[in-house]
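Report on the following structure.
The values are calculated or read from the model by the stated rules, or taken from the named source; none is laboratory data. Since the model is a prediction, treat every value here as computed from it, not as a measurement. Reconstructed Cβ throughout: ideal geometry from the backbone, glycine too, with neighbour counts over all protein chains shown.
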Amino acid sequence: MTVALRRVTVTLRATRGDRHRVQSILGILLLALTGCTVAPSPAAISPLPVPSPTPTPGPAVLYEQGLACQQAGDWECARATFSRTLELDPGFAPAYRARAAVHLALGDGPAALRDSQTAIMLAPEDAGAYALLGEVLRRAFNDPLQALDAYNAAVQRNPTLSPALFPVRWECAVAAARSDRMAELAAEYARLHPDDPMRMYYRGQALLAQGLPRVAIRVLGETIEQERSPAALWFVLGEVYAAERAWREALICYEQAQALMEAGDSSLGVVSGNPAATLALALGTAYLHTGRCGDAEAAFRYARALGFNRPDLPTLIGQAMICQQK
């Protein structure tokens, strides 16, 4: 499968930290000879040996040195070394891929995009190059749909990458609001993990995105009755009930998810970068719609304290405060 790559032109607004550059100062020490000495005769002077020139490391050696710099977190060393590699061998595809990763780490999105595209051009079957392109498009250019295409191309060329790339592929499908891609990924996850309860989380979210909340309620409800379900599954069932404005049912599901999380269940963290805040916001919304206004305000404030910065959060806190005055 050929992924159509388009040129992306953006202005990056990444804030870079101060970088300390170590400069080496080479000094020449001159030894001043004082006193009178007798110069040796010309016959006593032995010719100095001519030093052999130091051989220049080849591209493969430089590439390994660049990887060592990269693993040590010395990004400038890595970039310089990969650049020297490519000066010696402009067709060395792995060096382009490696340098693209360094550019991305240093916040230079356009350079990362150029190098990752060049790596693909030189090695069109390199799954790692497509995966890196996906990272560049997702992180540097906020283009989830094209990033998803790149990730999928990587998986097609190397199916063993599927588990590792599934979370970012799912993230991209959700960010792009592509319910069809979400359904495909949910089915893929179920094939790969037929006994994992999380398979139903992804299916429930896909059904909700497809506008099928009642189907999702039936499917998730049957699963919860038959299996021991994690917090993430109770959470998504709450989301489905909330979409149907069945707030009391949604609240029961959210509170069950909360109880499981307090008991050590970490499943919601698989699909949320801030699971406690995500659940607090959901609980607050359900509390507000069921008349528990004080609990709603407390939940919303807790979500904000946890760093959840959704734009409508101040409005929700205000609604909860007004609700308590009625």
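The sole residue among VAL102, VAL61 that is under 30 Å from ASP143 (Cβ atoms) and modelled with pLDDT of 50 or more is VAL102. Tell me whether segment 190-197 contains one or more residues that are buried (at least 16 other Cβ atoms within 10 Å of the Cβ) and at pLDDT below 95. Looking for residues that are buried (at least 16 other Cβ atoms within 10 Å of the Cβ) and at pLDDT below 95, one finds at least one in segment 190-197, hence yes.
Under the condition of being assigned to a loop (DSSP other than H, G, I, E, B) and not basic (Lys, Arg), the residues counted in segment 172-197 number 7. Screening PRO57, PRO163 for residues that are surrounded by fewer than 19 Cβ atoms within 10 Å (Cβ to Cβ), closer than 27 Å to ALA190 by Cβ and not hydrophobic (A, V, I, L, M, F, W, C) leaves exactly one candidate, PRO163. Only helices (runs of 4 or more DSSP H) whose full extent lies in segment 109-171 are considered here, and the ones with at least 1 residues that are in contact with a helix residue (DSSP H, G or I) (Cβ under 6 Å, 6 or more places away or on another chain), farther than 30 Å from ASP196 by Cβ and free of Cβ contacts under 8 Å to residues at least 24 places away in the same chain are 109-122. Considering segment 87-98, the residues that are in contact (Cβ under 8 Å) with a residue 24 or more places away in the chain and farther than 23 Å from VAL155 by Cβ include one that is surrounded by the fewest Cβ atoms within 10 Å (Cβ to Cβ), namely GLY91.
Every listed requirement among (1) in a helix (DSSP H, G or I); (2) surrounded by fewer than 20 Cβ atoms within 10 Å (Cβ to Cβ) is met by GLY291 save one, (1). Every listed requirement among (1) in a helix (DSSP H, G or I); (2) under 23 Å from TYR202 (Cβ atoms); (3) not basic (Lys, Arg) is met by PRO314 save one, (2).
Of the residues in segment 165-178, none is more than 16 Å from PRO144 (Cβ to Cβ) and at pLDDT 95 or above.
Among residues of segment 203-255 being assigned to a loop (DSSP other than H, G, I, E, B) and basic (Lys, Arg), the one that is farthest from ASP180 (Cα to Cα) is ARG228. Please pick out the residue among ALA257, ALA296, ALA263 that is without any contact (Cβ under 8 Å) to a residue 40 or more places away in the chain, of a type in the set (A, V, I, L, M), out of contact with any Asp or Glu (no Cβ under 6 Å at 6 or more places or on another chain) and surrounded by fewer than 16 Cβ atoms within 10 Å (Cβ to Cβ). Matching residue, one of ALA257, ALA296, ALA263: ALA263.
Residues in segment 294-311 that are of a type in the set (Gly, Ala, Ser) and either part of a helix (DSSP H, G or I) or assigned by TED's automatic domain parsing to the domain that holds TRP247 (or both): GLY294, ALA296, ALA298, ALA299, ALA303, ALA305.
On the stretch given as segment 118-158, residues that are polar (S, T, N, Q) and either surrounded by 19 or more Cβ atoms within 10 Å (Cβ to Cβ) or closer than 15 Å to TRP170 by Cα (or both) total 4. For segment 256-275, taking the residues that are within 24 Å of LEU165 (Cα to Cα), among the small types (Gly, Ala, Ser) and part of a helix (DSSP H, G or I), the one that is farthest from the chain's Cα centre (by Cα) is identified as SER267. On the stretch given as segment 299-326, residues that are small (Gly, Ala, Ser) and surrounded by fewer than 20 Cβ atoms within 10 Å (Cβ to Cβ) total 3.
Restricting segment 265-311 to residues that are under 30 Å from MET200 (Cβ atoms) and of a type in the set (Lys, Arg) leaves a set whose member that is modelled with the highest pLDDT is ARG292.
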